[in-house]
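One structure below.
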Amino acid sequence: MIRTFFFALLLLLPLSTVASTLYTVELATYMDKKALNEELSKFLPALRKTIVIEENDAKYHVKTLLTKDKKLLTKLLPSYKKVFSDAFIETFTPPVKVVKKPVKLPKKVTKEKNSTKEKNDFYTSLRNHAFYLSPVLKPGKNNKFLLKVTFTDSNVTYTPILGKVPPMSALYKVEDNKLFLYQKGLLNTKVFSLLEENTFKYHLISSWIDNKRVKNLRYYLNLHDAKAYLNSL
C-alpha cells in the first residue's frame with residue numbers, strides 16, 4: 001500500500017516527472033457525471049487523487065495522471081480494474097523541446113536578461129528561498145510527508161524531512177508566471193505550476209497537467225508552521 005501512496009505523491013508534487021514517453025491508464029467514458037462520481041467513490045483516496053476527468057462534447061473521459069513509470073502502473077492496473085473492468089494502459093508521447101547548451105552572452109546583455117527575469121513575481125518569490133511542503137495522501141500518521149524545497153537561481157531540490165520519499169532535484173524556469181521543470185534537458189510545457197496566493201505563512205501553488213488543475217499545495221516559509229499544518233490534518 002505504501003507504494004500506492006508514494007506513486008500518488010510523485011504525481012501530485014509540482015515536479016511532475018518529464019519524460020520522452022509517458023503512460024496513463026484509460027479508465028472509462030461517461031455521459032452521466034453523477035453515475036461517474038458514484039463509481040469513483042469506490043476507490044481509496046490515494047488512488048482517487050491519481051485520476052483526472054476531461055469533459056468534452058458532454059462526455060466525461062476518465063484516466064490517470066501521466067507518469068513515466070509503466071511498471072508501477074502495471075502493478076496498479078488490477079486496482080483500477082476492480083472499478084473499471086475495461087481499464088488499460090496507453091502510451092503518450094508529449095511534445096518536448098531540447099534545451100540547448102547556453103551561449104555565453106556579453107555581461108551587459110546577461111544583466112539585462114536577469115533584470116527582466118527578476119521582475120517576474122513568481123520567480124522572485126522562489127529564487128534563493130527555502131520552503132517546507134507537507135502533502136498528505138490519506139489520513140494517518142504513516143502517510144504524511146514533509147519536504148524541504150530549496151530554489152537557487154535555476155535549480156530546485158526536494159529534501160525529505162519526514163516520510164519515505166527520495167530526494168529529488170531538477171532545473172527549473174519561470175516564464176509567463178508559470179513554473180516549468182526540466183529533466184535530462186527536456187521540458188514538457190503541458191506540466192507546470194502557478195502561484196495562486198501569497199500569505200504571511202505560505203505560498204499557495206497549484207500543479208497543472210494539460211491545462212487541468214491537479215492539486216493545490218502549501219509551501220510554508222517556516223518549518224514550525226508546516227509541522228503545525230501537517231499535525232492538524
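The numbers here are math on the coordinates, done by the rules we state, and not lab data. Since the structure is predicted, the reported quantities are computational estimates derived from the model, not experimental observations. Cβ atoms come from the backbone with ideal geometry, glycine included; neighbour counts cover every protein chain shown.
Annotations for the structure displayed:
- Applying 0.36 nm per residue to the separation of ASN222 and GLU54 and subtracting their alpha-carbon distance, the gain on full extension is 56.8 nm.
- Exceeding the 32 Å Cα-Cα cut-off - candidates LYS71/LYS212; LYS81/LYS190; LYS82/LYS227; LYS33/LYS75: LYS82/LYS227
- Within the straight-line cut-off of under 20 Å between alpha carbons, the aspartates and glutamates reachable from LYS164 are ASP69, sequence neighbours fewer than 8 places apart in one chain being disregarded.
- Averaging the Cα positions of each part gives two centres, and for segment 16-94 and segment 158-203 these lie 23 Å apart.
- All aspartates and glutamates inside 17 Å of LYS68 as judged from Cα atoms, apart from same-chain residues fewer than 8 positions distant: GLU26, GLU90, ASP210
- In segment 21-92, inverting the average of 1/r over every pair of distinct C-alpha atoms gives 12.3 Å as the Kirkwood radius.
- Pairwise label distance in nanometres, ASN198 with SER154, each label 7 Å out on the Cα-Cβ vector: 2.5 nm
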